[in-house]
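What follows is a short report on a single structure.
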Amino acid sequence: MINELAEFCRDLKSDFTPKITDAKKPVRFWSEKDVYNGNIVDAFVIIFRTHGCSWALKSGCTMCGYFNDSMWKKVSDEDIFFQFEKAIKQYNNEKTVKIFTSGSFLDDSEVKPKVRMKILSRLSESAEKISFESRPEYVTNQKLKEIKNIDKSKDFEIGIGLETANDTVRNYAINKGITFNDYKKAAEIIKKNNCKLKTYVLIKPPFLTEKETIKDCIETVDKIKKHTDTISFNPANVQRKTLVEFLWKKNQYRPAWLWSVIEILNKSKKNTDKIRLQCNIAGGGNIRGAHNCKECDPNVLRAIESFSLHQDPKIFKDLDCECKEKWLDQLDIEDLGFGSIIDLSR
Ligand code: SF4
Ligand SMILES: [Zn+2]
C-alpha cells in the first residue's frame, strides 16, 4: 500500500517539465514581518531554485507541489550563488533571514557545502537569525557544528516537516518517508549544537476528516513540545500534480476549515508554554486553500496572522459567522462518510 502510494505520487509527476528554465533566477525574494526575541522585526525571505527535493524526485509527499518551482536537473554552484547575488541586492539588513529551497538546504546534492557556508557566512554579517529547512536525514552533527562556528552569537533555525507525530498517518496519508524517531534524532542534534528547531505540522492531510486532523494536530503538539522551539502549522493547499489535487478534482478532498485551524491553535496554546506557535496559510480564503465562507475568510485570516505574531488567543474570541454552524455539522456527520466532505458552496 505504501509502495502504491509512492508510485502514484511519482507517476503524477512523470510528465512534469519545469516552467522556468533559467537556473540563475531565484524563485522569489521579499521582505515581511517576523518575530525575533519577542519583538516584531523585518525578515528577508529567499526561495532558491535548486534541482528539487530529493524525496520529491523519488516520489514525494502527497500534498507537496514545491517541485513545480524546481529545475528537476542539476543546478551548478555558480548558478545558486548567482541567485543569491541577485536576491542580496534587495537585502536591507533585515534582522532575520529565511531561506527556502523547495527541498532541503542541508542536502549536499541540492546545495553544496561550500555554497551553503558562503551564503550563511555572508548573511550572518548582518542577520541575527537565519532559518532554513531540511529533511531530518540531512541534519548531521558535523554540518551544524560548522554552521554554528560561523558565528556562535547568531541563531540558526532548522525547520523540519514532521507533519504529524503519528507514523501511520505520515506513512499512509502523506508518504513522507521519515519516522518520528528520525525527527527526534535530528532534534537532538539540533539541540546539542545550540541551534533552534521549528517543526512543521500539517493540517488536513488527504484521507483524514476535519475532526481527525484536529485530534492529530493536538496529539502531535503534545508529543513534540519538549523537542521543538517553534511549531508552524501549515494547512494543506491544493497544489498542482499532487495526490491532494487528484482527490480534490474528484470531490474527495476539501482543504481545512479555518474554524478547525483556530480550534487547533487555541487548544495547542493551552497545552504549550514557551513554544512559539505560528500558522502560515498558503492560498487561504481560496477554494484551493484553507477557507470558511467568503464572508468571514478575510477577518479570520487576519486573526490567525495576528495570532502568529502576538501569540494571543484572545484575538479569536469575537470571531463568528453563520458558516460556523455548518462546520460544526460537518464535524458531526463526517464520520459517516469516507474522508473529507467537499465544499459545495464554491
Ligand atoms: S514536503 Fe518536503 S520532503 Fe515532502 S516532497 Fe515536499 S519538499 Fe520534499
Ligand atoms: Zn463564514
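Quick notes
- Each eigenvalue of the Cα gyration tensor of the range 126-197, multiplied by 5 and square-rooted, gives one semi-axis; in descending order these are 26, 12, 9 Å.
- Rounded tilt (10° steps) of 258-271 against the dominant C-alpha axis of the chain: 70 degrees
- For q = 0.07, 0.10, 0.15 Å⁻¹, Debye-computed log10 I/I(0) when each Cα of the chain counts as one equal scatterer: -0.28, -0.59, -1.40
- Over 29 Å between alpha carbons, listed pairs LYS74/LYS98; LYS33/LYS326; LYS143/LYS184; LYS176/LYS317; LYS196/LYS241; LYS198/LYS294: LYS33/LYS326; LYS176/LYS317; LYS196/LYS241; LYS198/LYS294
- Distant alpha-carbon pairs in the range 41-112 (separation over 13 angstrom), percent: 66 percent
- Helix-only CD estimate at 222 nm, as mean residue ellipticity for the chain, using -39500 (n - 2.57) per DSSP H run (n ≥ 4): -11000 deg cm²/dmol
- Whether the range 109-251 is rounded, prolate or oblate, judged on the alpha carbon gyration tensor where a/c under 1.5 counts as rounded: prolate
- Taking the charge dipole of the range 3-94 about its Cα centre, with +1 at Lys and Arg Cβ atoms and -1 at Asp and Glu Cβ atoms, the residue from ALA23, ALA56, VAL35 reaching farthest to the positive side is ALA23.
- Ignoring lysines fewer than eight residues from LYS314 along the same chain, the ones with Cα atoms less than 19 angstrom from its Cα are LYS267, LYS269, LYS270, LYS274, LYS324.
- Peptides 55-65, 247-257, 71-81 ranked from most to least packed, by the mean per-residue count of other Cβ atoms within 10 Å: 55-65, 247-257, 71-81.
- Net charge dipole, the chain: roughly 1040 debye, given to the nearest 20, about the Cα centre with Cβ charges of +1 for Lys and Arg and -1 for Asp and Glu.
- Qualifying GluC sites (Glu not before Pro) in the range 244-346, DSSP loop, other Cβ atoms within 10 Å at most 14: GLU295, GLU322
- Compared with the dominant principal axis of the Cα atoms in the chain, helix 297-310 is inclined by about 50°.
- For the chain, the cysteines with no partner cysteine C-beta closer than 4.7 Å are CYS9, CYS53, CYS195, CYS217, CYS279.
All of the numbers you see were taken from the coordinates with simple rules; none came from a lab. None of these values were measured; they are calculated from a predicted model. As a convention, Cβ positions derive from the backbone with ideal geometry for all residues, glycine included, and neighbour counts pool all protein chains shown.
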